[in-house]
Structures are given as structure tokens and as C-alpha cells.
1. In nm, to one decimal, how far is the modelled label at Glu244 from the one at Asp229, with both set 7 Å along Cα→Cβ?
2. So for region 144-221, taking the charge dipole from beta-carbon charges (+1 Lys/Arg, -1 Asp/Glu), which of Pro205, Gly154, Ile221 sits furthest toward the positive end?
3. With no solvent and one point on each alpha carbon, what is the Debye value of log10 I(q)/I(0) for region 142-220 at q = 0.20, 0.26 Å⁻¹?
4. Only loop residues by DSSP count here, and only those with at most 12 other Cβ atoms within 10 Å; note down the chymotrypsin sites (Phe, Trp or Tyr not before Pro) in region 216-261 that meet that.
Amino acid sequence: MADEINEIREEQEQLAPFDPSKKKKKKKVVIQEPVEDLAESSQTEKSDSLPVNDGLESSFTGMKKKKKKPTESSLLNNESVDAGEDLDEIANDEQEGEEGIVLQQRYPWEGSERDYIYDELLGRVFNILRENNPELAGDRRRTVMRPPQVLREGTKKTVFVNFMDLCKTMHRQPDHVMQYLLAELGTSGSLDGQQRLVVKGRFAPKNFEGILRRYITDYVICLGCKSPDTILSKENRLFFLRCEKCGSQRSVAPIKTGFVARVSRRKT
């Protein structure tokens, strides 16, 4: 009976005239969430309020993190890069060290305001001379002369076979050398048809060798640089020895002849 009464009232209300002043009442809809959904929503709110690291640590407190092992390729690449850098640094250091050593050996006074030392200046002068004159930097050229070849001709004459060859080696005129030899031996002689020096008397090779040594000392070797490249010239009755290397010039003593007895046959 109550249901019928309610239905009748609703029909009457629908059939009643429309009143714009009245507002229609809205029915409130209430939705009940399950308990599990409420727990999940509370956990999400808490996780949003916490930082990322704290949330991860709190959620995985019972587990330990595993460290990743570096691969062999990455290790090899790193070692090769480090080795290349080390080699480049070592090469640069060696180059800088060599340059510094060269500069220090050549100019020891660089980088300081000290006074020059006499030995350093003298060494620098000689270095400049060697750079400008490379021929002076080498060893001194030694002149090697052949020993005199002496033969006997008969019982009273001696033949100097390689006389002309020795004159060419010393770059001296044969007449001047022959004049000196005859003056030192105290005898007389002449050149034969084969350009050999024939001397009167008996003489050993040692006699000619000693005389030639004295001739080289007096008329060939330069006293300044000890060079055999010299020129002997005669000016105003004097002989001058001029060196082609150092340019020095000096006068030499004339050849002195000893007493020679003149032997002539008596007229009968």
C-alpha cells in the first residue's frame, strides 16, 4: 500500500504546473572505495613525497647492489690511450731536454747575467772558425815521403835514384835541393841522362835521409801551422817561405857551402 501511495504522489507532482522558482534537488552519489585501493593510494602519495633515492633504498633495503665489471675492450682502450699519452709526454720531455742540453753546451751563459769567462769566449771563437773553415776542423794531413834509393856506381860514385820524385813531393826546384845536398855532403855532383843525382864519394842512405829532414824543416814546413803547403820564392836576393793555409810569410837563410878544396894537377 505504501508503494502505491508513493507512485500516486510522484504522478501528481509530474502533472503539477511548472514553477520556475523552484530548483530541482540533486541526489548525492556516494562511492565506497575498497580497502586495498586506499592502501595503494596512500603508498603512492608517500612515494611521491619522498625523493627518488630514498624511495629506491627504502623499497630495496634487503638487497645489495652489484657492481658492473668493466669489459676487456674498455680496459684495453683505456690502457692504449694512457700509454699513447705517456709516450707523447716522454718524447716531448726528451726533445725539450736535448734542446736544453745543446743550448747549454753551446751558450752556457744564457739565462743569466754573469760575466763571460775567457775559456768560454775562446771556445766560441774556435767553434766559429771551424764552422767557417771546415778544412781546419779535420786532422792535419801528414806528408809521407819515400826513403831515398841509393846505389853504388863503381867505387867512387853514389847514385840517388828517386831524387826527382822527392823534389816533386816537396814542391821544390831540383836545383835548390841539389845545391843544399851537395853543400851538406861537402862534395860535387850532377844529374845524368835519367834525371838521377850522381854524387862523388861513398854515402849511405842514412846520410841522404838526415839531410832531407833538415831541408824540410828549414825550407818546407810552416812554423806557424806546421803545414807543408808552402811556396818558396826569391825576392831581392832573399828567399821567402809563404804558407798557403795560414798566409804567414818568413825569410829563410841562404844555403851555406863549406870549404871545398880545389885539387888541380901540377904541370910537369
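1. The two pseudo-label positions are separated by 0.6 nm.
2. Gly154
3. -0.84, -1.51
4. Answer by residue number: Phe259.
Bear in mind these aren't lab numbers, they're just calculated from the coordinates by the rules spelled out. These numbers were taken from a predicted model, which means no experiment stands behind them. Please note: Cβ atoms are built from the backbone with ideal geometry, for glycine as well, and neighbour counts cover all protein chains shown.
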